[in-house]
Amino acid sequence: MKADFYGWPSLLCVFLIALDQITKVMTIQATPYSPRLIKEIIPGFFNLVHYRNLGAAWGMGSSHTNILALISFVAFFAILFEFPKLCEKRKINFLAISMMLGGIMGNGIDRAFRPEGVVDMIEVYIPFIYKEGWYRFPAFNVADSAICVSVFIYIIASLIAPKAPVEKHETTD
């Protein structure tokens, strides 16, 4: 893998962190915090909202925000340290891991510097055989999307892509 390819994943990671933080600032500026609708984009399907989440996915661990912030930063640097190994010399993995890093850091910044919690602003309703016929998926943000998409890409690439050739080392007796 060419060394110059590391630049593109780095730019993607920084871009996602910036996009995540910009959309969160825009959400905060659009309405002071209260769990409420900002704008209905597609009635009954897609809304912009302003929610806060002190925990991880679906609010888990909400009473341990500082620990979650620490875990985010440790995970970020552990993945960064293992970046070449995790990528397995596959360009698609370079992009997936970069997206994951951008998402982890985006939410980590919120956990560390926003005492009210991680800002979530996207709300969708999924057609589902459920009480009223639609399920309101928990609100999420750009960082959450980056993490989910990156995991999906990484898993699919791992299942489909051929394995990188294993280098054999000669031993001397």
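Among the conditions (1) surrounded by 12 or more Cβ atoms within 10 Å (Cβ to Cβ); (2) at pLDDT 85 or above, residue 136 misses just one, which is (2).
Under the condition of being over 15 Å from residue 11 (Cβ atoms) and over 13 Å from the mean Cα position of the chain (by Cα), the residues counted in the range 94-118 number 7.
Pairs meeting the criteria (first residue in the range 27-42 and under 20 Å from residue 136 (Cα atoms), second residue among the polar types (S, T, N, Q) and in a strand (DSSP E or B), beta carbons under 6 Å, at least 6 apart or on different chains) are 37/47; 40/47.
On the given criteria, is residue 104 in contact with a helix residue (DSSP H, G or I) (Cβ under 6 Å, 6 or more places away or on another chain) and of a type in the set (Val, Ile, Thr)? So residue 104 fits the description; yes.
Applying the criterion of being touching a strand residue (DSSP E or B) at 6+ places or on another chain (Cβ under 9 Å) and surrounded by fewer than 15 Cβ atoms within 10 Å (Cβ to Cβ) to the residues of the range 1-30, the residue that is modelled with the lowest pLDDT is 30. Set side by side, the residues 159, 68 differ, and just one is part of a helix (DSSP H, G or I), modelled with pLDDT under 85, out of contact with any Cys (no Cβ under 6 Å at 6 or more places or on another chain) and aliphatic (A, V, I, L, M), which is 68.
The values are calculated or read from the model by the stated rules, or taken from the named source; none is laboratory data. The model shown is predicted, which means the values in this text are computed figures rather than measured ones. Using ideal geometry, Cβ is built from the backbone for each residue, glycine included, and neighbour counts are taken over all protein chains shown.
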